[in-house]
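Okay, structure first, notes after.
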Amino acid sequence: MESRLTRDLNSQDGKISKAAEDTETELLNRSPQRPRRTILNHSLPAPVNLLALRPPFLLFKCVFVLCLCVPRHSPEPVCLRVLLADEAKGGDGAKSAYDLCVLWYPIRLFFAAWREIFPSMRDRPIPRFVRLSIPLLCWLSLALTLAFIPQANAQNCGEKGIAVQVLGSGGPELQDKRASSSYLVWQDGQARVLIDAGGGSALRFGESGAKMSQLDVMLFSHLHVDHSADFPSLMFSSWFEQRNRPLPVYGPDGNNYFPSTVDFVHAFFNSRNGIYRYLSVLLVAQENGGYELQPHNIAGDPSSVAFQGEHLSTYAARVIHGGVPALAWRIEIGGKTVVFSGDTNGEGDDLVRLAKDADLFVAHNAVPEGATGVERRLHMPPSVIGQIAQEAHVKKLVLSHRMLRTLGKETETLSEIRKSFAGPVTFANDLDCFLVE
Ligand SMILES: [Zn+2]
Ligand SMILES: [Zn+2]
């Protein structure tokens, strides 16, 4: 069977560019009548490790493998299929397999063209410098590819020590293309605390690699839709896991406009009139496999512990968020302290007290400087965030709950914060992972 390469080179207007348009799928699905093609499966570590920790290791592997598989005289198509770690473990191959055939095929074209142009070279080995440059190109290609992989590779967040992962960095608007507010606190590879569950966060939770069975506690800052809409999805997800211990759920009490946290949970799963009453078993202790949701209302007192677990302690402070019962949360875990402001306009002293000397302070950047009216009554502008961070002497500031009205204004936001806070400031994106040091 005449190969596409030969057709290209022999055709009237044969252009290498046409063949170069081959996709990796085409290459892998070529006719079985090309028995000389070789596919080498080779596993490499997860991409985050590749980029952040192990470039020399990766380079070594690429050099080693390609030197073995690149033929000296007759470069029949050799596809080096790189399986990243999660696919090697049976994960989603569509996301994580990167075929270096994409790189290899143009190189093969180059070899073929070389021989067509210089017939006298046909029987000579490929020059050494060409062979040696292939692994380098390979490494470069893989590194560039990985740079464009969405941050679905953040499964490694919190493998060691304490880390905060942003599941949702956006606000209520879907056009910000971010999940709504939600965070995970990791300890040594275990997702211990889930804070809020805004729309889209259930998907991000799955992408983070966390399991509902790992959680020690769930905390609500308040019950606005953009902080709570995915709660039933997350709870039902745990149905398919082997969780056999209670899950405490803590959040604010209620008022005329908002249910308390206890009422909120029961409104979903109460056996008599709950929205999802068919899942009422989630409120009942089970002997095997199931677990019991244990909701609690918290008034918010920074000086007394709200939830004390085996691995962590949590404290809450009442914050002002218009007329919405709202809490900021402090989590002390593994010798580190992380504080989440939740939505607040920054009035009052309790948030500063709660955030005192925090290693990481996650604040909500929902409005720009100069905001007025309802926006300002609900949210704190950057200057107020900076003042709170400075007064509390937090070590690091992360800005989340980014909305269309603040996205694109990062420079102005940062300059307002810099007027009072000199420490590190980072703007959060979905699935970002912040090590707490
Ligand atoms: Zn919000
Ligand atoms: Zn809110």
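The values are calculated or read from the model by the stated rules, or taken from the named source; none is laboratory data. Nothing here was measured: the structure is a model prediction, and the numbers come from that model. Heads up, the Cβs are rebuilt from the backbone with ideal geometry, glycines too, and the neighbour counts pull from every protein chain shown.
Of the residues making up the range 186-200, those that are under 20 Å from Leu435 (Cα atoms) and either crowded, with 22+ Cβ neighbours inside 10 Å or touching a strand residue (DSSP E or B) at 6+ places or on another chain (Cβ under 9 Å) (or both) number 9.
Here the condition is being of a type in the set (D, E, K, R) and within 16 Å of ligand 1 (Cβ to nearest atom); of Asp253, Asp343, Asp263, it holds for Asp343 alone.
Within the range 281-294, does at least one residue satisfy the condition of being more than 20 Å from Leu234 (Cα to Cα), modelled with pLDDT under 95, out of contact with any helix residue (DSSP H, G or I) (no Cβ under 8 Å at 6 or more places or on another chain) and surrounded by fewer than 17 Cβ atoms within 10 Å (Cβ to Cβ)? Scanning the range 281-294 turns up at least one residue that is more than 20 Å from Leu234 (Cα to Cα), modelled with pLDDT under 95, out of contact with any helix residue (DSSP H, G or I) (no Cβ under 8 Å at 6 or more places or on another chain) and surrounded by fewer than 17 Cβ atoms within 10 Å (Cβ to Cβ). Considering the range 246-257, the residues that are surrounded by fewer than 19 Cβ atoms within 10 Å (Cβ to Cβ) and farther than 12 Å from Leu283 by Cα include one that is nearest to ligand 2 (Cβ to nearest atom), namely Tyr257.
If the condition is being of a type in the set (A, V, I, L, M), touching a helix residue (DSSP H, G or I) at 6+ places or on another chain (Cβ under 8 Å) and within 16 Å of ligand 1 (Cβ to nearest atom), then the range 197-231 contributes Ala197, Leu223. Across the range 319-334, the number of residues qualifying as away from ligand 1 (no atom under 16 Å from the Cβ) and in contact (Cβ under 8 Å) with a residue 60 or more places away in the chain comes to 3. Residues in the range 333-357 that are away from ligand 2 (no atom under 16 Å from the Cβ) and either hydrophobic (A, V, I, L, M, F, W, C) or not assigned by TED's automatic domain parsing to the domain that holds Gly198 (or both): 6 in all.
Can you pull out every residue in the range 362-388 that is hydrophobic (A, V, I, L, M, F, W, C) and either crowded, with 18+ Cβ neighbours inside 10 Å or within 26 Å of the chain's Cα centre (by Cα) (or both)?
Result: Val362, Ala363, Ala366, Val367, Ala371, Leu378, Met380, Val384, Ile385, Ile388.
The numbered conditions (1) surrounded by fewer than 17 Cβ atoms within 10 Å (Cβ to Cβ); (2) free of Cβ contacts under 8 Å to residues at least 60 places away in the same chain; (3) of a type in the set (Phe, Trp, Tyr); (4) within 16 Å of ligand 2 (Cβ to nearest atom) are all true for Phe231 except (1). Exactly one residue out of Met403, Met380 is of a type outside the set (Val, Ile, Thr), within 13 Å of ligand 1 (Cβ to nearest atom) and without any contact (Cβ under 8 Å) to a residue 40 or more places away in the chain, and it is Met380. Would you confirm, using the coordinates I've provided, whether Thr314 is within 14 Å of ligand 1 (Cβ to nearest atom) and among the hydroxyl-bearing types (Ser, Thr, Tyr)? In short, no.
Within the range 397-437, being not in a loop (DSSP other than H, G, I, E, B) and not hydrophobic (A, V, I, L, M, F, W, C) holds for Ser400, Arg402, Glu410, Thr411, Glu412, Thr413, Ser415, Glu416, Arg418, Thr426.
In the range 299-325, the residue that is farthest from ligand 2 (Cβ to nearest atom) out of those that are under 16 Å from Ile385 (Cβ atoms) and within 29 Å of the chain's Cα centre (by Cα) is Ala317.
Do we have Leu360 as modelled with pLDDT of 95 or more and more than 16 Å from ligand 2 (Cβ to nearest atom) here? Answer is yes for this residue.
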